[in-house]
Each structure stands twice: as structure tokens, then as C-alpha cells.
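J.: Handing you this structure, nothing more for now.
The values are calculated or read from the model by the stated rules, or taken from the named source; none is laboratory data. What you are looking at is a predicted structure, and each value in this text was computed from that prediction instead of being measured. Here the Cβ positions follow ideal geometry from the backbone for every residue, glycine too, while neighbour counts run over all protein chains shown. Side chains included, ligands, DNA and RNA excluded: accessible areas come from the protein's heavy atoms. Shrake-Rupley method; radii C 1.70, N 1.55, O 1.52, S 1.80 Å.
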Amino acid sequence: MSILSATGRIVMVLSPINGRWGMHKLMAKLSTNEFGINWDPTKEITLVTFNRKRTLCKLLHVDQTGVDCTTRILNQGRFKIMLDENLVPRSLNREQLERLLTDGTISGEYQHAVSKFLLESHLS
């Protein structure tokens with residue numbers, strides 16, 4: 001069973017954020033469109049962000065009933081995502097997000113054999 005929402009839009013911000021930002025700061029940036037997402041506050045969204053070193057991933061999930069913020073740190077390695085101040089946010093599907101949170105990648109070769117095993121057994 002996944003803790004990820006089965007519905008709503010998933011957007012990955014490709015500009016690095018400060019790893020100390022919490023729910024309130026991320027929500028303020030989302031609400032004022034500083035991430036360039038053009039979010040409709042009546043719609044469910046999961047926002048995926050990373051710190052500059054790509055050692056920390058923050059998920060901000062907003063739905064009709066509330067907001068939650070989750071921090072993910074991999075046991076080893078870094079998230080294999082290209083970050084730059086001028087990159088446009090990217091949409092992800094749920095499977096890509098699950099792989100990102102498990103392995104630190106969204107495509108190509110897996111960083112860790114255990115990640116591949118966990119993801120393939122989860123999908124079966």
C-alpha cells in the first residue's frame with residue numbers, strides 16, 4: 001500500500017529550494033505561482049522539490065481537505081535529477097514518482113538492485 005495519492009496532478013520543481021523550507025513556505029510559493037505551475041487552488045496537487053545537493057526531496061500534497069508535507073532522504077546516493085534555476089517544472093505520473101522516491105531516478109538504469117526488486121514486486 002502506497003502513501004502517495006492515487007489522484008491529482010504531480011509536478012516536479014526543477015529549481016533547487018532551501019531544504020529548511022517547510023509546509024508554510026512551500027505553500028506560499030505555490031499559491032503565489034513562484035514555481036511557475038499555474039495551480040488552481042480547487043485542484044489536488046503533489047509538488048516535488050529538491051535541495052541544491054539533491055540529498056533531500058520534499059513533497060507538498062494539497063487536496064480539498066488539507067495539506068501535508070513529507071521529506072524523503074535516500075539511505076545511500078542522491079536523487080538523479082538535473083536542477084537549475086531556469087528549468088521549467090515537469091509533470092510526473094505516479095509510477096515515476098514511486099521510482100523517484102524509492103531509487104532516486106525516474107528512468108534509465110536503477111541506482112540500487114533492491115529498488116528494482118521492490119518496485120517490480122510492488123507492481124506485480
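Residues checked against (1) out of contact with any Gly (no Cβ under 8 Å at 6 or more places or on another chain); (2) modelled with pLDDT of 95 or more; (3) over 26 Å from His24 (Cβ atoms):
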position	(1), (2), (3)
Gln64	yes, no, no
Gly77	no, no, yes
Asp84	yes, no, no
Arg99	yes, no, yes
Ser107	yes, no, yes
Tyr110	yes, no, yes
Val114	yes, no, yes
Phe117	yes, no, yes
Glu120	yes, no, yes
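J.: Out of (1) in a strand (DSSP E or B); (2) out of contact with any helix residue (DSSP H, G or I) (no Cβ under 7 Å at 6 or more places or on another chain); (3) open to solvent by 50 Å² or more (accessible area, probe 1.4 Å), the odd one out for Val67 is which?
T.: Result: Val67 passes all but (2).
J.: Scan the range 97-119 and give yes if some residue there is in a strand (DSSP E or B) and either open to solvent by less than 70 Å² (accessible area, probe 1.4 Å) or at negative phi (or both), otherwise no. Step through it out loud before you land on a result.
T.: As a first pass, look at the range 97-119 and keep what is in a strand (DSSP E or B): none.
Scanning the range 97-119, I find no residue that is in a strand (DSSP E or B) and either open to solvent by less than 70 Å² (accessible area, probe 1.4 Å) or at negative phi (or both), so the answer is no.
J.: Name the residues in the range 41-59 that are open to solvent by 40 Å² or more (accessible area, probe 1.4 Å), within 14 Å of the chain's Cα centre (by Cα) and not basic (Lys, Arg), would you?
T.: Thr55, the sole residue that qualifies.
J.: Which of the numbered conditions does Ile10 fail, given that it passes all the others? Conditions: (1) in contact with a Leu (Cβ under 9 Å, 6 or more places away or on another chain); (2) farther than 16 Å from Arg94 by Cα.
T.: (2)
J.: Any idea which residue in the range 14-40 is least open to solvent (accessible area, probe 1.4 Å), counting only those that are part of a loop (DSSP other than H, G, I, E, B), closer than 18 Å to Asn51 by Cα and in contact with a helix residue (DSSP H, G or I) (Cβ under 9 Å, 6 or more places away or on another chain)? Write out each step before concluding.
T.: Start the filter on the range 14-40 by keeping residues that are part of a loop (DSSP other than H, G, I, E, B), which leaves 14-16, 18-22, 32-40.
Next, from what is left, pick out any that are closer than 18 Å to Asn51 by Cα: 14-16, 18-22, 34-36.
From what is left, the residues that are in contact with a helix residue (DSSP H, G or I) (Cβ under 9 Å, 6 or more places away or on another chain) are 18, 21, 34-35.
Numbers: Asn18: 58, Trp21: 58, Glu34: 115, Phe35: 27 Å².
Only one residue tops the list, namely Phe35.
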